[in-house]
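*Asks:* Structure provided below as structure tokens; questions to follow.
The values are calculated or read from the model by the stated rules, or taken from the named source; none is laboratory data. Note that this is a predicted model, so its numbers are computed, not measured. Every residue, glycine as well, gets a Cβ built from its backbone with ideal geometry; the counts of neighbours run over all protein chains shown. The area values use the complete protein model at the heavy-atom level, side chains included, leaving out ligands, DNA and RNA. Shrake-Rupley method; radii C 1.70, N 1.55, O 1.52, S 1.80 Å.
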Amino acid sequence: MTDTSIFPVPEAFASDAWVDAASYQRLYDQSISDPEAFWAEQGKRIDWIRPYTQVKDCSFSGDVHIRWFHDGTLNVSANCIDRHLATRADQTAILWEGDSPAEHRHISYAELHANVCRLANVLKKHGVQKGDRVTIYMPMIPETAFAMLACARIGAIHSVVFGGFSPDSLKDRIQDCDSRIVLTADEGLRGGRKVPLKANVDQALKSCPDVGTVIVVRRTGGQVAWEDGRDFWYHEEVSAVSPDCPPEEIGAEDPLFILYTSGSTGKPKGVLHTSGGYLVYASMTHQYVFDYHDGDIYWCTADVGWVTGHSYIVYGPLANGATTLMFEGIPNYPDSSRFWQVVDKHKVNIFYTAPTAIRALMREGEGPVKRTSRNSLRLLGSVGEPINPEAWLWYHTVVGEGRCPIVDTWWQTETGGILISPLPGAIPTKPGSATLPFFGVRPVVVDNEGHHLEGATEGNLCIADSWPGQMRTVFGDHERFVQTYFSTFPGKYFTGDGCRRDDDGYYWITGRVDDVINVSGHRMGTAEIESALVAHPKVAEAAVVGYPHDLKGQGIYAYVTLVDGEEPTEPLRKELVQWVRKEIGPIASPDLIQFAPGLPKTRSGKIMRRILRKIAANEHEALGDTSTLADPTVVTELVENRQNRV
Ligand code: ATP
Ligand code: MG
């Protein structure tokens, strides 16, 4: 349907880019033919206290282990702060834009240094030692980045829990990693609404008796309950300690953080990342995928509670000495022009967001975008889900005025950094394709029996060999790590995602393999049918799942959200079936379409097809874990109006 459109690299972009087509090919080939030599060289992009002599020690079978640069030592926070002080002490490190357009802050590298050192000293004062877990449950404010870097400075392991999670989800994550200290704020602020963070912590801690210390940032000044001896104000604590804290010497393979996956497919896993390889990979991908140059204003709209925030708001950009914009608010507050107003206000050059945000803004039409200039934009990025070609084209033509390349970056919490993405100066793009692998990444496509599929094909996406940013284990459960990622296709890392590879070797992520539908023996990714539906002018969003069907094995069940103002009618239902038939073919035409005012999404905005599958199968009594849903009430509506009543 979409393979025909190719967007060449704009000439002006290629001439200034870090990597052009020829150097991409040369470096990629080198990274695959001699990974040891390639990474031995690339590892030097960060500062080591004791340089490594060992580069790669990894096995995906037998005794599964992953180690990179393992005899080297470093400090991640010194790499993100101290090493820039000689040349950019006064440059803005964190450019914070508040929920209200009236609020912003510039934090220079010198200020970042002082803030991080003070907080590191506070942690030490409260008994936090190397290897201890620190839970960070905070809003999108600079203090959250200070907290992560303060942990890194003393070798404590942070576990950031997204501020939108409930007390129950927070409790699970505190208990799972056994952390004894929690950093939070009185309240968060999103879209003009207050989020009761401290109250949620109080609730969670009723079941976490081992937590002895809570440090609270005053963000809104709202009333909070207080437990003397346990709760401490951040501003009082940091003002009582020294602004100097020498960075600890940390082993390359010492843990940097634990992060729980977003839970789209089931119980979240405590993904563990370590220090050296992670930082090399995060900083390198940030530089090349976003073609980051000195002086660029770079904005990733993710929450720091997700891996995207870890690697591409905090660690990657700061390791590169960048100015990273951190946004407290949401795309449609005070109005749906906000993203573009912020772009104009701070002259943002590189903008990185998620398809769910793009689709939501697309629903509002071009008006809110066109009211702004966006002249500063040079590059656009997407992450989190397959981006349907319709949304890609809107992003490209309306937001980027046809001028900015789009990098559709495929990766996972587990991968630490981007694995498949265009390098914007090197790789022509195709709407909906994540294109080609990053240096050192060896994607392989296998059938269900694990046989390698060559050339243009479709199947399960695996990675054949390790890269430095790869997760090392599931915290406290190495067996689960081995089982989850290395047992389905022995000897390979299994991503859980399906993909198609076209004649140009481009990868098209078709969604999670669990989501593949098998209709009368034809295997179909749900992403393609969803893209076809969303391409209809009256459709804003769609989610497609399979359900048991007597004749076909599986039938196609589509949940469709209409554009604002469109009425759900029988004729429209028929029209949509015909539309998909015409776009893809009769085999893909939906058997049932349910009009859905809202879809169940994780807090990071991903559609939870697991729940939709249950409703489609008429098994709505057993929906499983719904605790990571952003809005559990949409489920009730979907169950009430389900189509498959047997
Ligand atoms: P869980 O593993 O708990 O189910 P999750 O997979 O949603 O949660 P993440 O690690 O945040 O948690 O998401 C990674 C997944 O997101 C990928 O496996 C893929 O399915 C999807 N994804 C991310 N970026 C892209 C992209 N550019 N194109 C297609 N899919 C993407
Ligand atoms: Mg996953």
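*Asks:* Quick check on Val128: is it more than 25 Å from the chain's Cα centre (by Cα) and either among the β-branched types (Val, Ile, Thr) or open to solvent by less than 40 Å² (accessible area, probe 1.4 Å) (or both)?
*Replies:* Considered against the rule, which asks whether it is more than 25 Å from the chain's Cα centre (by Cα) and either among the β-branched types (Val, Ile, Thr) or open to solvent by less than 40 Å² (accessible area, probe 1.4 Å) (or both), Val128 comes out as yes.
*Asks:* Moving to a separate point now. For the stretch 261-291, what are the residues that are more than 16 Å from ligand 1 (Cβ to nearest atom) and open to solvent by 10 Å² or more (accessible area, probe 1.4 Å)?
*Replies:* Gln287, Tyr288
*Asks:* For the stretch 1-25, give me each residue that is farther than 26 Å from Cys80 by Cβ, of a type outside the set (Val, Ile, Thr) and loosely packed, with under 12 Cβ neighbours inside 10 Å.
*Replies:* Answer for the stretch 1-25, where residues must be farther than 26 Å from Cys80 by Cβ, of a type outside the set (Val, Ile, Thr) and loosely packed, with under 12 Cβ neighbours inside 10 Å: Pro8, Glu11, Ala12, Ser15, Ala22.
*Asks:* Looking only at the stretch 398-446, count every residue that is over 20 Å from Phe489 (Cα atoms), of a type in the set (A, V, I, L, M, F, W, C), in a loop (DSSP other than H, G, I, E, B) and more than 9 Å from ligand 1 (Cβ to nearest atom) and tell me the total.
*Replies:* The qualifying residues number 7.
*Asks:* Quickly run through the stretch 495-517 and pick out the residues that are over 20 Å from Thr261 (Cα atoms), within 12 Å of ligand 1 (Cβ to nearest atom) and touching a Gly at 6+ places or on another chain (Cβ under 7 Å).
*Replies:* Residue satisfying the conditions is Trp508 alone.
*Asks:* Looking at the stretch 511-538 only, could you name the residues that are without any contact (Cβ under 8 Å) to a residue 40 or more places away in the chain, open to solvent by 10 Å² or more (accessible area, probe 1.4 Å) and over 23 Å from the mean Cα position of the chain (by Cα)?
*Replies:* Residues satisfying the conditions are Asn518, Gly521, Pro537, Lys538.
*Asks:* If you don't mind, there's one more thing I want to ask. State all residues of the stretch 525-554 that are within 16 Å of ligand 1 (Cβ to nearest atom) and either closer than 18 Å to Arg613 by Cα or in a strand (DSSP E or B) (or both); if no residue qualifies, say none.
*Replies:* Once the filter is applied, which keeps residues that are within 16 Å of ligand 1 (Cβ to nearest atom) and either closer than 18 Å to Arg613 by Cα or in a strand (DSSP E or B) (or both), the stretch 525-554 yields Gly525, Thr526, Ala527, Glu528, Ile529, Glu530, Glu541, Ala542, Ala543, Val544, Val545.
*Asks:* Further, regarding this structure: Thr356 is checked against (1) surrounded by 18 or more Cβ atoms within 10 Å (Cβ to Cβ); (2) more than 16 Å from ligand 1 (Cβ to nearest atom) and fails just one. What number does that condition carry?
*Replies:* (2)
*Asks:* Taking the residues in the stretch 581-606 that are of a type in the set (Val, Ile, Thr) and open to solvent by less than 10 Å² (accessible area, probe 1.4 Å) as candidates, determine which candidate is nearest to Ser382 (Cα to Cα). Working first, answer last.
*Replies:* Taking the stretch 581-606 as the starting set, the residues that turn out to be of a type in the set (Val, Ile, Thr) are 584, 587, 593, 602.
Within this subset, residues satisfying the condition of being open to solvent by less than 10 Å² (accessible area, probe 1.4 Å) are 593, 602.
Values: Ile593: 28, Thr602: 17 Å.
Top of the filtered list is Thr602.
*Asks:* Give the stretch 265-284 a look and list any residue that's farther than 18 Å from His478 by Cβ and within 16 Å of ligand 2 (Cβ to nearest atom), or say none.
*Replies:* Thr265, Gly266
*Asks:* Of all residues in the stretch 97-148, which are of a type in the set (S, T, N, Q) and assigned to a helix (DSSP H, G or I)?
*Replies:* Within the stretch 97-148, Asn115, Asn121, Thr144 meet the criteria.
*Asks:* Please determine whether any residue of the stretch 242-252 is away from ligand 1 (no atom under 16 Å from the Cβ) and either on the phi > 0 side of the Ramachandran plot or of a type in the set (A, V, I, L, M) (or both).
*Replies:* Within the stretch 242-252 (the criterion being away from ligand 1 (no atom under 16 Å from the Cβ) and either on the phi > 0 side of the Ramachandran plot or of a type in the set (A, V, I, L, M) (or both)), the answer is yes, since at least one residue qualifies.
*Asks:* When you go through (1) at pLDDT 95 or above; (2) in a loop (DSSP other than H, G, I, E, B); (3) within 16 Å of ligand 2 (Cβ to nearest atom) one by one for Ser262, which number turns out not to apply?
*Replies:* Checking Ser262 against (1) at pLDDT 95 or above; (2) in a loop (DSSP other than H, G, I, E, B); (3) within 16 Å of ligand 2 (Cβ to nearest atom), the one that fails is (1).
*Asks:* Separate question: Considering (1) in contact (Cβ under 8 Å) with a residue 24 or more places away in the chain; (2) farther than 21 Å from Pro10 by Cβ; (3) out of contact with any strand residue (DSSP E or B) (no Cβ under 7 Å at 6 or more places or on another chain); (4) away from ligand 2 (no atom under 16 Å from the Cβ), say which one Thr457 fails and leave the rest.
*Replies:* (3)
*Asks:* Please count how many residues of the stretch 417-459 are more than 28 Å from His273 (Cβ to Cβ) and open to solvent by 20 Å² or more (accessible area, probe 1.4 Å).
*Replies:* Result for the stretch 417-459: 12.
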